[in-house]
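Written out below as structure tokens is the structure these notes cover.
The values are calculated or read from the model by the stated rules, or taken from the named source; none is laboratory data. Just so you know, these numbers come straight off a predicted model, no measurement behind them. Quick reminder, even Gly has a Cβ in these numbers, built from the backbone with ideal geometry, and neighbours come from all protein chains shown.
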Amino acid sequence: MMSEVLAIQVGAAAKAAGLVVVSTEAGEKYSGGATAKFTLALAGDPKKTELLELSEGFEFGRTDLMEGVKAYLAESAKRLKNPRPDCYVTLHGLPLSFGRFGWPFHESTSGADTSLVHGEVRLEDARLAPGGEGVLHAKVAASMTVTFRDVVPAPEQPFAEGFIYNAVRKTMDQGQLELVKSGNRQPVPLTTRYYSAKQKKFVFNDTNQRQRKDFLAAKLYWLSGVLGAGEPVWLLDPRDAQYLDTTLDELRATVGALMGEGLLRLTADAEYGSPTGKLTERREAYAAQLAHTLESIKPAFNEEMRAGMTNM
């Protein structure tokens, strides 16, 4: 009965956001218990889908949770207009796709007082088919501390997905995640250093206008020019604003700066854009940046120790 009620509630909220529920199925939490999985699509483009997974007993009737889900779905409707809604770029120029996340958070089974969610990120540089064998990827285990949990309304996908993705991007920027062809899960710790209690917001990067302009240019190049066949991408994504520690107004100003340099074409609503030939001509520079970043996140070894030339 609870899952039927939840399905009705999610269906109504999705419709209000311009989405439709394509399918519903039962799932299972990592640590036991039931979940409900909803495949959502744009009402006008059913080929674009995303998965929403909620605990079966999710309290949709709570006003704060209901408003959070509605906000999440409204953003999803805009993000699903991207040619690759699952893809994001990092400040250091890595195009990544996010998937296989098992929501909601589950308690650590190792005795640690943390909550975890498992997922996977993949390098999407168009050299290999998405999801194909041999694609560089990182299996991640994002962990929340007890203190961090207190600032999250619920350990569920709509309330955590955005800052989890940003924490993964930040950890990748710091060279603390390695992209490999196979390997174990790598930790992505979430602590209060990512949250400003004074400002009551998440904080990941301190960026300037130059960095934000480079970021949006890379996003246009990779997500539209390379992965999206030139289709427009959403330039005013709140997740990017959070990741860059900026505002949507500042992002809008950055879009204007790129327009002034002749690097993007805006759609009529001024929220989406695609790269111009002037930007796509920078392919060699972006390829070099990608190669440099991949090299920088490889583990470094002390060659003298490997050769036995050490006093230890």
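Here are some notes:
- Selected residue [touching a strand residue (DSSP E or B) at 6+ places or on another chain (Cβ under 8 Å), part of a strand (DSSP E or B), at pLDDT 90 or above and surrounded by 20 or more Cβ atoms within 10 Å (Cβ to Cβ)] from Leu73, Leu54: Leu54
- Every residue from the range 1-48 that is among the hydroxyl-bearing types (Ser, Thr, Tyr) and within 22 Å of the chain's Cα centre (by Cα): Tyr30, Thr35, Thr39
- Sole exception among (1) in a strand (DSSP E or B); (2) touching a Leu at 6+ places or on another chain (Cβ under 8 Å); (3) more than 29 Å from Glu231 (Cα to Cα) for Glu59, by number: (1)
- Residue in the range 230-269 that is surrounded by the fewest Cβ atoms within 10 Å (Cβ to Cβ), counting only those that are under 21 Å from Ile164 (Cβ atoms) and either of a type in the set (Ser, Thr, Tyr) or modelled with pLDDT under 95 (or both): Thr246
- Meets criteria (touching a strand residue (DSSP E or B) at 6+ places or on another chain (Cβ under 9 Å), among the hydrophobic types (A, V, I, L, M, F, W, C) and either at pLDDT 90 or above or in a helix (DSSP H, G or I) (or both)) for Val135: no
A quick yes/no check of all residues on (1) closer than 25 Å to Thr145 by Cβ; (2) in contact with a helix residue (DSSP H, G or I) (Cβ under 6 Å, 6 or more places away or on another chain):
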position: Asn208; (1), (2): no, no
position: Pro232; (1), (2): no, no
position: Leu235; (1), (2): no, yes
position: Ala241; (1), (2): yes, yes
position: Met259; (1), (2): no, no
position: Ala270; (1), (2): no, no
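- For the range 168-180, the condition holds for no residue, the condition being that it is at pLDDT 90 or above, in contact with a strand residue (DSSP E or B) (Cβ under 7 Å, 6 or more places away or on another chain), under 30 Å from Lys278 (Cβ atoms) and not assigned by TED's automatic domain parsing to the domain that holds Ser97.
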